[in-house]
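A short write-up of the structure that comes next.
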Amino acid sequence: MCESGEVDVNAAEGWIRAIAASVGEQADELTRLDAAIGDADHGTNLRRGFTAVLEMLDDLEPKAVGEVFSAIGRTLISKVGGASGPLYGSAFRAIGAALPEPSADDQQLLAALQAGLAAITRLGKASPGDKTIVDAYAPAVAAFERERSWSAAADAAEEGARATISLQARKGRASYLGERSIGHQDPGATSTALIFRALATTLQPPRKSPS
Ligand code: ADP
Ligand code: MG
């Protein structure tokens, strides 16, 4: 099957570099979204975190694919302030802990991503519909489980992020706004969609058209 394959240390690093590039490109947009319902730092927070992650990767000599993700989790927790640092950091640490082998197949990566989501909900206590990271992350893993396609997961994450526009925030800083949080896309759900799109573009090369 063209879509599946082994995720080794190189593929994991490729995914993370793609996230860092995307976060760098979209940092101003993420911060603009956070200015509307938060404190205007989500893009700067993540850019600072993934810049530190890239520096950390240069010195890392991982033997298992999970070591890459565990190291990223630690870096994000120490470098990113705010709510999103501990949440994304603990997700990557959980993903790392779930992948002790040199490489992982799609099923193992799915299970690891589910462990990452569980870490986020354990720490943040958000349910679907609370206008958070969970509203992009949960549909993404559900879509992969159903369709076995990382593109479908990324599409579902983007759709989930867009659907936060009409939601009222019930967790995090945006919840202080009450009903005034309605009408704005959640920054964390938006960055989660970037993370899943980066995964899809890294793991799933575009289909060759039949010649
Ligand atoms: P802060 O809110 O501390 O400034 P960021 O701006 O970096 O942190 O991140 C804000 C994002 O964090 C929100 O848009 C939301 O998606 C996410 N978030 C906040 N609280 C929670 C939570 N309890 N569970 C899941 N995600 C959350
Ligand atoms: Mg913020």
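The values are calculated or read from the model by the stated rules, or taken from the named source; none is laboratory data. Keep in mind that what you see is a predicted model, and the values were worked out from it rather than measured. Cβ sites come from the backbone with ideal geometry, for glycine too, and all protein chains shown count toward neighbours. Heavy atoms of the whole protein, side chains included, go into the accessibility calculation; ligands, DNA and RNA do not. Shrake-Rupley method; radii C 1.70, N 1.55, O 1.52, S 1.80 Å.
Observations, loosely collected:
- Computed over protein heavy atoms with a 1.4 Å probe, the accessible surface of the chain works out to 46 Å² per residue.
- Carbon + sulfur, % of accessible area of the chain - ligands and nucleic acids excluded, 1.4 Å: 51 percent
- Among Gly178, Gly188, Gly89: highest mean-square fluctuation, GNM of the chain, C-alpha pairs under 10 Å: Gly178
- Whole-number percent relative contact order across the range 80-211, with pairs defined as alpha carbons under 8 Å at least 6 apart: 22 percent
- Accessible area ranking (1.4 Å probe, heavy atoms, ligands and nucleic acids excluded), largest first, for Lys79, Lys63, Lys171: Lys63, Lys79, Lys171.
- Taking each DSSP H run with n ≥ 4 as -39500 (n - 2.57) and averaging over every residue of the chain yields -22500 deg cm²/dmol at 222 nm.
- Neighbourhood charge, 14 Å Cβ-Cβ cut-off, centred on Ala126 and excluding it, Lys, Arg +1 and Asp, Glu -1: +3
- Comparing Ala94, Ala156, Ala36 in a Gaussian network model of the chain, where Cα atoms under 10 Å apart are tied by springs, the biggest mean-square fluctuation is seen for Ala36.
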